[in-house]
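Scroll down for the structure; my scribbles are underneath it.
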Amino acid sequence: HKTIKKDFGPIDILVNNAGIDIPPIKASKTNNNDKLLQEKASKMWDALKYGSWTLKDVAGFWDSVSDYEEVSLGTYSYFRRFTDGYRLASKEYFKKNAKILDICSRTGIGTSFFNKKHPGMRFTCMDVSPEFKKKAEKRLKAEKVNFRYLLFDSYNLKLKNNEFDYILCFETLEH
């Protein structure tokens, strides 16, 4: 295998004669939280199946996942959502001072990607997880991204009509 570095983060694409492989995900160390995470995952599945999870439950689940970035950045298909989305997007919206809403922005990786493509845009990041907010704020401040990060706890988002030029929605519960 030959390792090729992409222009963003620690994403490696392993190429062999047959094409592109998904890079291996580092195994997390077994600890006392494994049983708790399995129980939460089971609760999440039941809640999704029966429709009883609140946004507070979702936030609590994501706040308990300490290796979200490690697993996500080690998964080829995770980063492809941003590169493919960018390739398919109407670029006229990505201009200096454009106002971008990144709904369910998680730890700000997508915001960072789009900011690197078009610096000078103004981002509003939103998610339900206070832990994701902390990680995103650290990342985006270090990268000098013009952003604000809002937590939401209902589907009635407190945003003005026509406030944004473009909406990013890459990390929702579509999968």
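The values are calculated or read from the model by the stated rules, or taken from the named source; none is laboratory data. The model shown is predicted, which means the values in this text are computed figures rather than measured ones. Methodologically, a virtual Cβ is constructed for each residue, glycine included, from the backbone with ideal geometry; neighbour enumeration extends over all protein chains shown. Ligands, DNA and RNA are stripped out before the accessible areas are found, and what is left, the full protein with its side chains, is counted by its heavy atoms. Shrake-Rupley method; radii C 1.70, N 1.55, O 1.52, S 1.80 Å.
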field: Filter result (open to solvent by less than 30 Å² (accessible area, probe 1.4 Å), in contact (Cβ under 8 Å) with a residue 40 or more places away in the chain and touching a strand residue (DSSP E or B) at 6+ places or on another chain (Cβ under 8 Å)) within the range 130-151
entry: Tyr149
message: Gly85 - would you say it is part of a helix (DSSP H, G or I) and in contact (Cβ under 8 Å) with a residue 12 or more places away in the chain?
response: yes
field: Counted residues, the range 127-146 - those being acidic (Asp, Glu) and part of a loop (DSSP other than H, G, I, E, B)
entry: 1
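Taking the stated definitions as given, is Cys125 surrounded by 14 or more Cβ atoms within 10 Å (Cβ to Cβ) and in contact with a Gly (Cβ under 7 Å, 6 or more places away or on another chain)? Let's see the steps before the verdict.
Details: surrounded by 14 or more Cβ atoms within 10 Å (Cβ to Cβ): yes; in contact with a Gly (Cβ under 7 Å, 6 or more places away or on another chain): yes.
Taking the combined requirement at face value, the residue satisfies it.
Residues are listed down the side, and each one gets a yes or a no for (1) modelled with pLDDT of 80 or more; (2) more than 22 Å from the chain's Cα centre (by Cα); (3) farther than 21 Å from Gly120 by Cβ; (4) open to solvent by less than 50 Å² (accessible area, probe 1.4 Å):
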{"position": "Glu39", "(1), (2), (3), (4)": "no, yes, yes, no"}
{"position": "Gly51", "(1), (2), (3), (4)": "no, yes, yes, no"}
{"position": "Asp63", "(1), (2), (3), (4)": "yes, no, yes, no"}
{"position": "Phe79", "(1), (2), (3), (4)": "yes, no, yes, yes"}
{"position": "Thr83", "(1), (2), (3), (4)": "yes, no, no, yes"}
{"position": "Leu88", "(1), (2), (3), (4)": "yes, no, yes, no"}
{"position": "Lys96", "(1), (2), (3), (4)": "yes, yes, no, no"}
